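Below is one structure, written out as structure tokens; comments come after it.
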Amino acid sequence: MEAANRSQSSIGMEPVEPRQTLADLIVTRLRAAILAGNLVPGIQYSAGGLAEQFGVSRTPVREALLALERVGMVRIEKNRGVRIIPTALQEVVECFQLRLLLEAPAAAHAAELVDQPGFQVLQERFEAMQHAADRNDSEATLRADRDFHTAILALAGNSKLVSVLEDLRNLVLIRGIATAPNARSLQELVDDHQDILEAIGANDATAAGEAMRRHILNTATLLIHRETRENSTDAADLEAKLRSFRY
């Protein structure tokens, strides 16, 4: 199989999907509100106030907040409320270390397991990323980037890994940093995925794992240098720590 060429601000409620609990839905909406900046790190919120915004009781909101606390996105303060936890750059690097350990081998495994229908889905995700970049739509490009990575994890056949890596990506995004379009162009972001697509399409596990590793290292390195413009020593130390992790 050959890879083809590159060719709310509001926190509103949505209908509950089958097999999705109300708490699960609120987790999704809270994450979206945090990443959109509608819930701000450092500010104290109450479960009651959030429940009122969602139009639900406090119980599912509390369950959702406990789930987000377990992955490090919020801190619940007894009898006081909840705060969104800002992510330090050191933690961002640690998130990328974990992505190197988990996502590069997953890409290699996906290359071993992929079939024609599965590759077609992956190719469609890549093309959606390209089309968004062509429109100069940074938000849509980043969403398509996320969907491309999720499709690879689905090919690897581990649903738990999907949720773990989603949490890692969210912890990075809480800091409000992304490489595109600030540290590289949208087209450069798309191009950074080309080798991954081609390696998986060729069923080349070794090449797929290395391509994913290069992509993650490139993204992390760009973020490190963007966030440490005024301190080259910190940048060198963080980059060395990042590259010390191999799968």
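The values are calculated or read from the model by the stated rules, or taken from the named source; none is laboratory data. Keep in mind it's a predicted model, so treat the numbers as computed, not measured. Every residue, glycine among them, receives a Cβ derived from its backbone with ideal geometry; neighbour counts consider all protein chains shown. Heavy atoms of the whole protein, side chains included, go into the accessibility calculation; ligands, DNA and RNA do not. Shrake-Rupley method; radii C 1.70, N 1.55, O 1.52, S 1.80 Å.
Structure above, values below:
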read-out: Residue within the range 26-41 that is polar (S, T, N, Q), under 18 Å from the mean Cα position of the chain (by Cα) and open to solvent by less than 40 Å² (accessible area, probe 1.4 Å) present; value: no
read-out: Index of the failed condition, Arg214 passing every other in (1) surrounded by fewer than 21 Cβ atoms within 10 Å (Cβ to Cβ); (2) more than 21 Å from Arg243 (Cα to Cα); value: (2)
read-out: Pairs where the first residue, in the range 186-211, is surrounded by fewer than 17 Cβ atoms within 10 Å (Cβ to Cβ) and the second is basic (Lys, Arg), C-beta under 9 Å, 6+ apart; value: Asp191/Arg6; Gln194/Arg6
read-out: Residue list for the range 73-96, restricted to those being in a loop (DSSP other than H, G, I, E, B) and closer than 17 Å to Ala33 by Cβ; value: Met73, Ile85, Pro86, Thr87
read-out: So Arg146, is it at pLDDT below 80 and either closer than 23 Å to Gln116 by Cα or of a type outside the set (A, V, I, L, M, F, W, C) (or both); value: no
read-out: Of all residues in the range 97-154 being within 14 Å of the chain's Cα centre (by Cα) and either farther than 26 Å from Leu242 by Cα or of a type in the set (Phe, Trp, Tyr) (or both), the one that is surrounded by the most Cβ atoms within 10 Å (Cβ to Cβ); value: Phe148
read-out: Considering residues of the range 72-91 that are open to solvent by 70 Å² or more (accessible area, probe 1.4 Å) and within 19 Å of the chain's Cα centre (by Cα) only, the residue modelled with the lowest pLDDT; value: Pro86
read-out: Flag for Arg99 being in a loop (DSSP other than H, G, I, E, B) and among the charged types (D, E, K, R); value: no
read-out: Which listed residue is at pLDDT below 90 and surrounded by fewer than 15 Cβ atoms within 10 Å (Cβ to Cβ), from Glu94, Glu69, Glu52; value: Glu69
